[in-house]
Amino acid sequence: MTTKVRTRFAPSPTGFLHIGGARTTLYNWLYARRHKGDFILRIEDTDEVRSTEDSVTAILRSIEWLGLNWDEGPVDEKTDKGPHSPYYQMQRVAIYRKYLDQLIKEGKAYRCYCTKEELDEMRRLAQLEKRPPRYDGRCRALTDAQRAALEAQGKKFSIRFKMPQDGVTIVDDVIRGKVHFENNLQQDLVIWKTTDGPTYNFCCVIDDHLMEITHVTRGDEHLSNTPSQIQIYYALGWTPPTFAHLSMILGPDGSKLSKRHGATSVLEYRDQGYLPHTMRNYLALLGWSNSESQQLFTDADLISQFDLAGCQKSPATFDTVKLQWMNGEYIRQTPIPELIELAKPFLEKAGLLGLPGPDLKKVVALEHEKFKLLSEIPTLIEFFYKPVEFTPKADKVLQAPGAKDVLLGLVEALKDFAPFEDKALEARIRKFCEERGLKPGQVFHPIRTAVSGRTEGPTLFLMLEIMGRERVLARLKGAAERLK
RNA sequence: GGCGCGUUCGUCUAGCGGCCUAGGACGCUGCCCUCUCAAGGCAGAGAUCACGGGUUCAAAUCCCGUACGCGCCA
């Protein structure tokens, strides 16, 4: 009998969900889905001063937008659902307390009366003497009488976990392999702070065990804490889960991805017009790949192929250029009605919804292969609906000698021309060129410019068809008049 | 400072001792297509596999150092 795979993502709600967190979430989700297991979301809000409800909201929205559903965890900012409820750590403090008492009673944890100042001094001296700046364990051996005396003085205490003094703790990491840590180099970790209660490393162990997490996949920065956590598992009589530590995501300059590199929040990518599927695919590839170096994956592909063991050990640089390419690929794969639906917020914001003019479906289809971001859709199509604005380059085209005559001539030629359709228009306009002894370019460019205000745009004749006779004629005239 | 981790084209990566004169993808350059811009097709430039030692008939691949970067202790 094999146990069911259970993975989790456990963010601290101290800010938005950033790209690194999104990737961690994705990998946990993929792993759970691949093994028909459960994906759990847990909110680590024990840092009362920095945790905010807004952050919780942002994180939940982000994960939802990414399309990663969780099987147990928050329902909203206050409530949650699942057999191991609550999933908000602040609501689990009594549980931590219970295990804390157990460890103290069994002599596996002890009261430490050192103040912050004393600890700082300890660290300073250690630095000076070139020793590792760790807690020296001075409160470990305090007698009951000494403790009573200190407390009689009103001394506050934190609780430290007794790390074994010898031996080696091996973290058998799925991605890194066996990583050895000498126990005597580990310090006695604070598991309960003087005033603020349980610490991250303590809660994390208890929750992961109680929630029956089988695979802990998290950022690289936690690797060094893992031996301590493993020892806490042992002290509590539990078996540690399988660990996997993911490498970091870097900005273009090779430092850890952060605000100064631009957007780091998942929601910002949504607002810039990336598709959730792009994010899933791109993030999956940032640190993982299959042996064919395949680039584009369906979700089903991802789920069936994704493997933690195949993850890269070294950090990866986040590349928005490739992200945009991929988004373009997926936009091109999206059927027009669906694309319009996705682009609604952007069209709305640009004031393009509900305006009279050509069929939006036809217009969007006309430029389909050009969109890299949903947010680009409005700017590329707005001239169909809004008054023409001429770019400097467009102005120059219209200034070409004879442009005005061409435009006015076309107005005449097209006034009653039927059918006002792609191929027929092309034939008619080419004939117009011949009649006037003009090269096609001398006519096509001014038309495009007059009608759109731009020198680049959709294929000409289909654009005219879709724009419709009335609008085309008005714009040709309008542009000609500007040339007076 | 200690401990831990990492290092293949600009970027993401393939590679797990001979198939590598190092493969793919993004980007870049050129050509083709063409009414512009894209998209698409084709071609090309781009990596002494961080460096130095070993092991081996043979190393990007195994071992040991060094450097650099990063993380944790903070």
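The values are calculated or read from the model by the stated rules, or taken from the named source; none is laboratory data. Being a predicted model, the structure only gives us computed values, none of them experimental. When we count neighbours, we look across all protein chains shown, and the Cβ atoms used for this are built from the backbone with ideal geometry, even at glycine.
Reported count of residues in region A:286-303, each being more than 6 Å from RNA strand B (Cβ to nearest atom), surrounded by 13 or more Cβ atoms within 10 Å (Cβ to Cβ) and among the small types (Gly, Ala, Ser), is 0. When residue A:462 is tested against (1) within 15 Å of RNA strand B (Cβ to nearest atom); (2) modelled with pLDDT of 95 or more; (3) surrounded by fewer than 16 Cβ atoms within 10 Å (Cβ to Cβ), only condition (3) is not met. Scanning region A:7-53 for residues that are modelled with pLDDT under 95 and of a type in the set (Lys, Arg) yields a count of 1. Residue A:181 satisfies every condition listed in (1) more than 8 Å from RNA strand B (Cβ to nearest atom); (2) more than 26 Å from residue A:35 (Cα to Cα); (3) surrounded by 16 or more Cβ atoms within 10 Å (Cβ to Cβ) except (1).
Yes/no per residue for (1) more than 13 Å from RNA strand B (Cβ to nearest atom); (2) within 25 Å of residue A:475 (Cα to Cα); (3) in the same structural domain as residue A:271 (by TED's automatic domain parsing); (4) not in a loop (DSSP other than H, G, I, E, B):
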residue	(1), (2), (3), (4)
A:352	yes, yes, no, no
A:356	yes, yes, no, no
A:372	no, no, no, no
A:378	yes, yes, no, yes
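Residue A:252 - would you say it is touching a His at 6+ places or on another chain (Cβ under 8 Å) and either surrounded by 18 or more Cβ atoms within 10 Å (Cβ to Cβ) or in a loop (DSSP other than H, G, I, E, B) (or both)? In short, yes. Against the list (1) in contact (Cβ under 8 Å) with a residue 60 or more places away in the chain; (2) closer than 22 Å to residue A:381 by Cβ; (3) not basic (Lys, Arg), the condition residue A:288 fails is (2).
Restricting attention to region A:380-418, the residues being assigned to a helix (DSSP H, G or I) and small (Gly, Ala, Ser) number 4. Within region A:153-171, the set of residues being touching a Phe, Trp or Tyr at 6+ places or on another chain (Cβ under 7 Å), in contact (Cβ under 8 Å) with a residue 40 or more places away in the chain and not aromatic (Phe, Trp, Tyr) comprises A:155, A:158, A:159, A:160, A:162, A:169, A:171. Any residue at all in region A:435-451 that is surrounded by fewer than 16 Cβ atoms within 10 Å (Cβ to Cβ) and in a loop (DSSP other than H, G, I, E, B)? Scanning region A:435-451, I find at least one residue that is surrounded by fewer than 16 Cβ atoms within 10 Å (Cβ to Cβ) and in a loop (DSSP other than H, G, I, E, B), so the answer is yes.
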